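Working notes, beginning with the structure itself.
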Ligand SMILES: Cc1cc2nc3c(=O)[nH]c(=O)nc-3n(C[C@H](O)[C@H](O)[C@H](O)COP(=O)(O)OP(=O)(O)OC[C@H]3O[C@@H](n4cnc5c(N)ncnc54)[C@H](O)[C@@H]3O)c2cc1C
């Protein structure tokens, strides 16, 4: 058994920032990660980090843009924390040596990004995430923070009191990918989940194969509510054959989108008469798909993104990485020809419910980064707002877990404060049954209080691994994962219809039934990726079901969530977060009002046009 004050699960931007903060606050801190830190998906971020750095800019404008971008579903205390703290955090990165792009006068450069009223996106060429990750990893190494890399965390050790708010997280259980051993990691003070995105629930995604929503699924099964799962961001510029991202930085620098008729459709067909290509991502994604559906797409699939008019010098200076991606993954030379693009799954606005300090309702359990939902992005994230979220809330969670007191949070967690029960109309059949008698599915829940919780969790996890390795059947994870991904891309995509969402739910539940017979065909103990992918697939099933159920519940059109028969934003009914709790092995739906009261102002919902 390993033991530390604070255990951070995940070594991307959020995990590294959390670990640095916890260590600086005096805690003996360790990171446990299934990947080596610099292979984390933060390294793929291209475009930049939003921060109101200039005299002519203001954090309050950033907060306003973010609330408007969220379609008034963000919580003001979290949004204001993000916007107030991000300048200091970006300057901190610069002091740690991050190689930001600079203007001729030496100032850190900023570029326009979609939905921003000021060009406040700082960047390092088109490799911002790579720079950020390496800069923070250096700081983690410098501080001697212990990193257990290639350890796959498959369960949290959480006690099982009836109300999750009375539960405590004592640590986590992880599988050593190198040796095949299952071990406990005891956390004396706190566990921070920083496990990143869940894009692998879809089949066309910008996310890496490692982005399987593990942290969200583990927290959910341990009793932590998951919030606003229906809000999935589809990025408008992904390469059609692979889903590889072409950064919004291209449009920020002046790149133009054309349909098959050579029209600049965002203006010519009235989708975004003011901001055109720099409208918010949900708006541009819907516009592209509408062009394709109305017969103006190219090869009935995509539109063109042209940056040739920017000139070779500017492209090579600011967007060189984009040239490599287009050439390597689509065989297109961006200096000579337009790049084909279409919408692809990119980001999860929802996730593990936290307050503005990164705390969940379970004592000693925190979350930060893409896996968390402090409710900064609401119904739609603005480009360039995820990286500041990592560093602002990563730091906050790290310091809190190490024992710093931030006073009372304004955002409630768990079923404290105001909330109401919810149901899907028309009702859907009961969801997953997490049967303790089914060893393939019976993972990740809370462990009976009164016995040694971490040891109990390790024992159960060893049994699950043994069971998966010994089951003799023809069902493998790949077929299940494929069918879930295709179902999600077909029915739970940019455009959502009620029948499609019901079909998706049926498919997911059928896949879950098949999963109860899943087997791992590779018997080896070392680097058994078959086993890891099998466990990840279990998480994807829970994630896909949660996205679909929440999507069915919300019968309105807000931000990234478009419903065919509900074409308006229903503020009277829906200024509230969707929450799902895992009660006795099945999802329970409930709601909590959105917090629109900020420090000095109230954010009155307005119509959202660009
Ligand atoms: C292609 C792309 C480009 C983007 N560009 C931008 C941009 O320009 N600006 C912006 O603001 N945002 C951008 N985003 C979004 C942003 O990059 C991500 O939201 C953010 O980097 C996620 O960081 P994270 O620390 O939460 O997770 P990650 O960086 O994904 O790290 C997750 C960590 O968790 C670990 N982990 C996961 N599961 C387990 C497990 N079971 N056990 C142990 N460890 C585990 C992984 O090993 C990894 O270390 C982009 C996203 C993509 C996909």
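Here are the numbers:
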item: Acute angle (nearest 10 degrees) that the helix 453-470 long axis makes with the longest principal axis of the chain, alpha-carbon atoms; result: 80 degrees
item: Antiparallel %, DSSP beta bridges [both residues in the chain], to 5; result: 65 percent
item: Length added when fully stretched, residue 166-residue 299, from 0.36 nm per residue minus Cα-Cα; result: 42.3 nm
item: Cα-based helix-to-principal-axis angle, 498-515 vs the chain, degrees rounded to 10; result: 40 degrees
item: Computed FRET value (nearest 0.05) for residue 95 with residue 472, which takes r as the C-beta separation and R₀ as 56 Å; result: 0.45
item: Protection proxy ranking, peptides 392-403, 415-426, average beta carbon neighbours within 10 Å, highest first; result: 392-403, 415-426
item: Degrees between helix 281-293 axis and first principal axis of the chain (Cα, 0 to 90, nearest 10); result: 70 degrees
item: Among 98-109, 358-369, 456-467, the order from most to least packed when residues are scored by Cβ within 10 Å on average; result: 358-369, 456-467, 98-109
item: The chain, relative contact order [Cα under 8 Å, separation at least 6], %; result: 22 percent
item: For peptides 332-342, 31-41, sequence by mean Cβ density within 10 Å, most packed first; result: 31-41, 332-342
item: Label point distance in nm, residue 609-residue 141, each placed 7 Å from Cα along Cα→Cβ; result: 5.3 nm
item: Cβ-derived FRET efficiency at R0 51 Å, residue 178 paired with residue 499, nearest 0.05; result: 0.60
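Here, each number is a calculation from the coordinates, and none is a lab measurement. This structure is a prediction, so every number in the text was calculated from the model and none was measured. Please note: Cβ atoms are built from the backbone with ideal geometry, for glycine as well, and neighbour counts cover all protein chains shown.
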